[in-house]
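Below is one structure, written out as structure tokens; the observations come after it.
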Amino acid sequence: MEKIRLDKFLSDLGFGSRKETKKLVKQKRVKVNDAVVNNPSFHLNPEKDAVSVDEQPVQYKKHHYYMLNKPSGYITATEDRDYPTVMEIFADLPFYRKLFPIGRLDMDTEGLLIITDDGQFAHRISHPKWEVEKEYFAVVEGDASGLEKERERFEREGLQLKDYRTKPFKLQLVETSPDRSKIKITVSEGKHHIVKRIMERLGYPVLYLKRVRIGSLQLDEGLETGQYRELTEEEVEKLKKQVNL
Ligand code: URA
């Protein structure tokens with residue numbers, strides 16, 4: 001890999017604008033191979049040289065990918081005047097302003113959200129053409145056992161909503177009781193409120209909704225709501241493969 005300037009390297013990693021990263025270097029907060037470098041135009045090899053900022057090692061990556069277990073009460077957006085956004089959860093990362101969520105979960109929905117700074121990847125994962133599956137766990141009102149016999153029809157034909165016919169979807173009953181049921185539902189489209197609309201139309205309004213999978217990526221059960229972790233290279237590669245990247 002070609003050598004690049006230290007201030008540009010830091011800026012690419014999200015440590016701020018070039019002006020800001022120049023300042024960071026001049027403040028002697030940056031080390032290259034364990035030696036303080038205070039010259040922003042110092043050239044380094046991102047693949048070979050070890051860089052740290054405030055004693056924290058930084059690794060050169062073109063893009064970042066995270067999974068968040070979204071908590072209820074947060075808006076899936078980068079900014080909002082009235083409510084906390086999912087991006088505020090990432091505010092401790094120096095480059096968090098470059099990150100954004102892929103797709104959208106309702107304010108009261110929990111579960112798997114991918115956060116990245118890779119625009120092309122985000123576009124493909126959410127584009128209907130690639131039909132990336134999204135699996136949800138839901139608690140619904142009422143005894144949903146009657147849906148068992150309709151499952152095949154939904155998988156073949158989808159469901160006609162008031163103004164829209166859904167794509168085929170998969171439904172699985174997890175547990176039923178007279179007043180509420182647990183289900184799993186897998187859709188391959190990102191239409192607004194799609195799961196709630198389907199279940200409302202079938203007569204079983206959603207009481208709780210959590211996304212547990214996007215394509216090959218399963219929500220890490222070890223993540224509490226509100227926690228996030230970086231995706232492994234393998235997880236990213238599998239997702240990319242699904243959308244031909
Ligand atoms: N479908 C919904 O109704 N809500 C979500 O948040 C996601 C899918």
Review point. Please identify the trypsin sites (Lys or Arg not before Pro) of region 23-58 that satisfy two criteria: DSSP loop assignment and at most 11 other Cβ atoms within 10 Å. Which are they?
Key: Lys28, Lys48
Study note, to complete from the structure: Of the convex hull enclosing the alpha-carbon atoms of region 64-163, the direction-averaged projected area in nm² is 8.8 nm²
Review point. Taking Cα atoms, how many degrees apart are the long axis of helix 233-242 and the longest axis of the chain, rounded to 10 and kept between 0 and 90?
Key: 50 degrees
Review point. Semi-axes of the chain's equivalent ellipsoid from the Cα gyration tensor, sqrt of 5 times each eigenvalue, largest first, rounded to whole Å?
Key: 44, 17, 14
Point to revise | Fraction of antiparallel bridges per DSSP, the chain only, in percent to nearest 5 | key: 95 percent
**Study point:** Cα coordinate range in region 187-245, projected on the principal axes (Å, largest first)
**Key:** 42, 30, 14
Check your understanding: So what does log10 I(q)/I(0) come out to for region 4-58 at q = 0.13, 0.15, 0.26, 0.31 Å⁻¹, using the Debye formula with one equal point on every Cα and no solvent?
Key -> -0.23, -0.31, -1.03, -1.52
Review point. Given H placed on each backbone N at 1.01 Å, which residues far from Gly111 in sequence or on other chains put an amide H within less than 5 Å of it?
Key: Lys70, Arg211
Check your understanding: Which FRET efficiency, nearest 0.05, do Asp220 and Glu131 yield, Cβ-Cβ r, R0 30 Å?
Key -> 0.80
Review point. What is the set of long-range amide H partners of Tyr208 at a cut-off below 5 Å, with H atoms built 1.01 Å from backbone N?
Key: Val139
Study note, to complete from the structure: In deg cm²/dmol, rounded to the nearest 500, the helical mean residue ellipticity at 222 nm of the chain, built from -39500 (n - 2.57) for every DSSP H run of length 4 or more, is -5500 deg cm²/dmol
Practice item. Using only the Cα atoms, work out Rg/Rh for region 133-214, with Rh taken as the Kirkwood radius, to two decimals. Key: 0.92
Practice item. Select from Ala122, Ala91, Ala35 the residue whose mean-square fluctuation is largest in a Gaussian network model of the chain (Cα-Cα springs shorter than 10 Å). Key: Ala35
Point to revise | Segment Asp106-Tyr208, length gained on full extension (0.36 nm per residue, minus Cα span) | key: 35.6 nm
Review point. For Glu2 and Ala77, what is the calculated FRET efficiency with R₀ set at 35 Å and r taken between the beta-carbons, to the nearest 0.05?
Key: 0.45
Exercise for review: In nm, give the distance between the simple-model label positions of Gln227 and His63, each being 7 Å from the Cα along the Cα-to-Cβ direction.
Suggested key: 2.7 nm
Exercise for review: Estimate the FRET efficiency between Val139 and Lys98 by the formula 1/(1 + (r/R0)^6), using the beta-carbon distance for r and 41 Å for R0, to the nearest 0.05.
Suggested key: 0.70
Practice item. May I ask you to evaluate 6.51 cos²θ - 1.76 cosθ + 1.60, the Karplus curve with θ = phi - 60°, for each residue of region 50-66 and list the ³J(HN,Hα) values in order in whole Hz, giving x for glycine and proline? Key: 8, 10, 9, 10, 6, 6, 9, x, 10, 10, 6, 9, 5, 9, 10, 9, 10
Check your understanding: Nearest 20 debye, what's the magnitude of the dipole of the chain about its Cα centre given +1 on Lys and Arg Cβ and -1 on Asp and Glu Cβ?
Key -> 940 debye
Check your understanding: In nm, to one decimal, how far is the modelled label at Arg165 from the one at Lys241, with both set 7 Å along Cα→Cβ?
Key -> 3.4 nm
Study note, to complete from the structure: For region 206-212, in residue order, the Karplus 3J(HN,Hα) values (coefficients 6.51, -1.76, 1.60; θ = phi - 60°; whole Hz; Gly and Pro = x) are 6, 9, 8, 9, 9, 7, 10
Point to revise | In sequence order, calculated HN-Hα J values of region 171-177 (Karplus, 6.51, -1.76, 1.60; Hz; x Gly/Pro) | key: 10, 9, 8, 9, 7, 10, 8
Review point. Considering only DSSP states other than H, G, I, E and B, which trypsin sites (Lys or Arg not before Pro) in region 62-170 qualify as loop sites with at most 16 other Cβ atoms within 10 Å?
Key: Lys62, Arg81, Arg104, Lys162
Review point. Which loop GluC sites (Glu not before Pro) in region 25-120, with loop taken from DSSP, have no more than 11 other Cβ atoms within 10 angstrom of their Cβ?
Key: Glu47, Glu55, Glu79
**Study point:** Taking N as its residue count, the alpha carbon Rg of region 65-118 over 2.2 N^0.38 Å
**Key:** 1.01
Practice item. Extending each Cα 7 Å along its Cβ direction at Glu55 and Arg29, get the distance between those two points in nm, one decimal. Key: 1.5 nm
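No lab work stands behind these numbers, since they all come straight from the coordinates. Note that the structure is predicted; figures quoted are calculated from it, not measured. Cβ atoms come from the backbone with ideal geometry, glycine included; neighbour counts cover every protein chain shown.
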